[in-house]
Amino acid sequence: MKSELINDAKLIASRDPAAKNVLEVILLYPGFHVLIYHKFAHWFYKKRRFFIARLISQIGRFFTGIEIHPGATIGKGLFIDHGMGIVIGESAVIGDNCTIYHGVTLGGTGKEKGKKRHPTIGNNVLIGAGAKVLGPCTIGDNSLIGANTFVSFDVEPYSTVVGTKGRVVKKRNQKVDSPSEELDQIHLPDPIAQELCRLTSRLEELERQVIGKSNGPCKIKKYSDLYANESNDENNGENDED
């Protein structure tokens with residue numbers, strides 16, 4: 001257990017650009033401290049000493065702000081960055097070398113005892129701040145769950161999921177770097193912006209068709225011209241105020 005914890009601390013130090021050294025991680029990182037609590041709690045849980053397992057888990061929650069059920073299975077090299085508000089349920093499984101940011105919930109659905117109710121997270125997965133992964137779904141290896149994303153369905157390996165409706169952008173069969181190590185939560189596809197661009201293109205196409213079929217001088221103003229005029233008016237108004 002000691003060697004595993006030291007290796008975890010080294011991995012965290014290597015993946016967090018704010019970490020100065022391994023000693024800082026061991027002494028000052030709540031995401032590392034909660035792993036210590038969980039290893040002891042999980043050991044007692046497997047021995048069916050449920051009360052003391054939950055007690056250790058609650059102590060860890062009190063000191064770190066991170067709630068991990070003692071029944072959860074966690075692989076090697078988990079990097080919990082910041083961590084406040086994270087909840088990981090009883091039957092959740094987390095693979096190796098994953099990264100989880102603050103406010104993440106790996107929650108369950110239903111209330112039947114003895115059944116799988118929580119997610120299974122593959123290896124090298126990054127889950128962004130505030131994301132909610134609920135139910136007995138599986139997140140494939142090397143996937144990225146964007147910040148504030150809701151997921152309740154299976155996700156294939158090498159996938160990126162973004163948005164409150166959990167839209168998937170697949171990277172299947174592409175050789176990509178591990179999201180858990182890259183820690184990139186910014187350069188993600190924006191499905192709303194993509195849809196707006198598609199609608200704008202369609203609107204401009206319809207305008208061209210209408211103008212082309214019009215007889216005589218056309219008095220129809222293009223959407224792009226109207227938008228440009230509105231922008232110019234706003235800029236002129238700001239200049240007048242200055």
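Pairs spanning more than 18 Å between alpha-carbon atoms, out of 76/113; 76/111; 2/39; 116/165: 76/113; 76/111; 116/165. If you average the C-alpha positions of the range 1-42 and of the range 90-133 separately, how far apart do those two centres end up, in angstrom? Result: 20 Å between the Cα centres.
Here the 3J(HN,Hα) profile of the range 155-164, calculated from phi with Karplus coefficients 6.51, -1.76 and 1.60 at θ = phi - 60°, is 10, 5, x, 6, 10, 10, 10, 9, x, 5 Hz, Gly and Pro shown as x.
Between residue 6 and residue 164, the C-beta separation translates, for a Förster distance of 45 Å, into a calculated FRET efficiency of about 0.70.
Annotation: amide H of residue 79 within the under-5 Å range of 98, 99, 100, sequence separation 5 or more or interchain, hydrogens built in the peptide plane. Computed from the Cβ-Cβ distance with R0 of 45 Å, the FRET efficiency linking residue 203 to residue 116 stands at 0.45. Long-range amide H contacts for residue 167: which residues qualify at under 5 Å (H placed 1.01 Å from N, peptide plane, sequence gap of 5 or more or a different chain)? Distant-sequence amide H within range of residue 167: 162.
Residue ranges 24-30, 154-160, 142-148 sort as 142-148, 154-160, 24-30 when ordered by packing (mean number of other C-beta atoms within 10 Å per residue, highest first).
Sorting 73, 149, 164, 99 by the number of Cβ atoms found within 10 Å of their own Cβ, with the fewest placed first, yields 164, 73, 149, 99.
So the label point goes 7 Å from the Cα of residue 48 along Cα→C-beta, right? Which residues of the range 87-114 then have their backbone N under 16 Å from it? Under cut-off, by backbone N: 114.
Each of 57, 152, 3, 91 has some number of other Cβ atoms within 10 Å of its Cβ, and from fewest to most they run 3, 152, 91, 57. The ranking of 67, 204 from fewest to most other beta carbons within 10 Å of each one's beta carbon is 204, 67.
Each reported figure results from applying straightforward, stated rules to the coordinates on display, with no laboratory input. Please read all numbers here as calculations on a predicted model, not as lab measurements. Cβ atoms come from the backbone with ideal geometry, glycine included; neighbour counts cover every protein chain shown.
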